[in-house]
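Notes follow the structure.
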Amino acid sequence: MRQSEASRKELMQEYVLRTTKLTKIYGKHRAVNAVDMHVRKGEIYGFIGKNGAGKSTFMKLVAGLAAPDEGKIELFGSYDVERQRMRIGTLIETPGLYKRMSAAENLEVLRRAYGIPDQGIVGEMLHLTGLDDTGKKKAGKFSMGMKQRLGIAAALMRSPDLLILDEPINGLDPMGIMQMRELLVRLNREKNITIMISSHILGELSKIATAYGVIRDGELVDEFDAAELDRRCRRCQKLVVDHTEKAVNVLEEKLHIKEFDVPEPSVIRIFEHPDDVTKINHELLLAGIEIKESYQVGQDLESYFMELTGEGGYRHE
């Protein structure tokens with residue numbers, strides 16, 4: 001019994017964030033509609049959706065900046081979300097900065113407000129986010145990238161275990177995007193911070209995210225990890241046959257193909273040599289296997305994301 005309870009707690013702790021039917025309603029509009037999300041410890045969770053899909057509203061619900069109308073939020077295995085929110089750092093929409101203060105002065109205000117006794121944390125956060133050479137320059141004169149990094153420094157002041165970032169690379173130039181990407185990866189790997197990040201720049205997001213959630217019209221339509229995304233977008237030859245086991249034997253024994261899977265009965269996807277369609281089909285026919293369908297599938301990352309978020313019409317097989 002004790003072991004079962006311990007196992008249950010260990011399973012709960014696997015999730016840094018989990019929501020159940022989380023809903024936010026404004027008038028007759030469900031900005032967030034019955035969302036079940038799962039963010040595991042150590043992930044960089046890419047939150048994808050077009051403008052107005054509900055990303056910012058969802059993040060505000062988790063951060064306590066808006067109250068849910070229905071559903072539950074579980075943080076770090078606990079429903080005592082008010083206490084657990086002390087372990088979250090957030091940058092939602094635009095950073096709240098004192099424009100007439102320097103970066104150090106902005107962080108010093110937060111240090112005192114949070115009651116953090118360690119005065120050295122200001123310099124530590126400035127160094128961590130690459131702002132330690134800004135001196136007395138006022139935050140109002142910072143570039144967009146510098147403002148975003150200062151916003152992240154502020155979010156890190158209480159050493160969070162979960163960092164929630166809403167469009168942190170929006171409006172940045174290529175150099176700023178690269179610096180932001182390197183910073184987030186470093187925070188995740190060196191500081192063991194789980195990160196939830198929304199972005200419209202999907203190519204950049206795919207370079208760092210280890211898991212994804214896709215929201216459309218307030219509903220979470222899919223969740224998958226990076227390996228699954230690679231699998232979905234990878235080019236392959238898709239076959240529908242009358243005898244799957246026999247076809248698999250031909251692929252392995254006759255054609256020496258190893259990279260394939262059988263996602264459902266009668267369906268085989270061949271990832272190895274996807275252009276050798278004629279050869280593969282010929283050998284299967286010689287073995288007396290009926291090929292009901294044979295075609296290539298796969299699409300680029302941007303097209304797939306556009307389809308999921310409702311911005312494109314391409315249907316992924």
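Structural remarks
- Here is the size of region 58-187 from its Cα atoms: Rg then Dmax, 15.2, 47 Å.
- Rounded to 5, percent antiparallel among DSSP beta bridges of the chain: 65
- Assuming charge only on the beta carbon of Lys and Arg (+1) and of Asp and Glu (-1), the dipole of the chain about its Cα centre is about 1680 debye to the nearest 20.
- When only the Cβ of Lys, Arg, Asp and Glu is charged (+1, +1, -1, -1), the dipole of region 168-294 relative to its Cα centre reaches about 400 debye.
- Whole-Hz couplings from phi, Karplus 6.51/-1.76/1.60, listed for region 21-34; x for Gly and Pro: 6, 5, 9, 10, 10, 10, x, 9, 9, 8, 5, 10, 10, 6
- Summary of the geometry: region 70-109 and region 154-179, compared by the centres of their Cα atoms, lie 13 Å apart.
- Working note: Karplus 6.51/-1.76/1.60 with θ = phi - 60° gives region 213-222 the couplings x, 10, 10, 9, 6, x, 10, 7, 8, 6 Hz, where Gly and Pro are set to x.
- Lysine pairs with alpha-carbon atoms under 12 Å apart, region 1-134, spacing 8 or more or separate chains: 4
- Karplus-derived HN-Hα couplings along region 102-112 (A = 6.51, B = -1.76, C = 1.60, θ = phi - 60°), whole Hz, x at Gly and Pro: 6, 4, 4, 5, 4, 6, 5, 4, 5, 4, 5
- For the chain, the ratio of Cα radius of gyration to the globular rule of thumb 2.2 N^0.38 Å stands at 1.22.
- For Met101, residues with placed amide H under 5 Å, excluding near neighbours: Ala139, Gly140
- Neighbour net charge for Glu252 - beta-carbon separation under 14 angstrom, K R +1, D E -1: -3
- In region 35-97, inverting the average of 1/r over every pair of distinct C-alpha atoms gives 13.1 Å as the Kirkwood radius.
- Region 48-111: trypsin sites (Lys or Arg not before Pro) in DSSP loop, at most 11 other beta carbons within 10 Å: Lys99, Arg100
- A convex hull fitted around the alpha carbon atoms of region 100-163 yields 77 Å³ per residue.
- Quarter of the Cα convex hull surface for region 177-293, i.e. its orientation-mean projected area (nm²): 10.4
- Calculated [θ] (222 nm, deg cm²/dmol) that DSSP helices of n ≥ 4 give over the chain, each run adding -39,500 (n - 2.57): -10500 deg cm²/dmol
- Rounded to whole Å, sorted largest first: equivalent-ellipsoid semi-axes of region 183-251, Cα gyration tensor: 35, 17, 11
- Protein accessible area in the chain, 1.4 Å probe - carbon and sulfur %: 48
- Amide H contacts under 5 Å for Glu272, placed H, 5+ residues apart: Glu259
- Mean accessible surface per residue for the chain, computed with a 1.4 Å probe while every protein chain stays in place, in Å²: 53
- Built amide H within the under 5 Å cut-off of Ile193, gap 5+: Asn188
The values are calculated or read from the model by the stated rules, or taken from the named source; none is laboratory data. This one's a predicted model, so the numbers in the text were calculated from it and none came from an experiment. Counting neighbours? That spans all protein chains shown, and the Cβs are built from the backbone with ideal geometry, glycine included. These area figures cover heavy atoms from the full protein model, side chains too; ligands, DNA and RNA do not enter into them. Shrake-Rupley method; radii C 1.70, N 1.55, O 1.52, S 1.80 Å.
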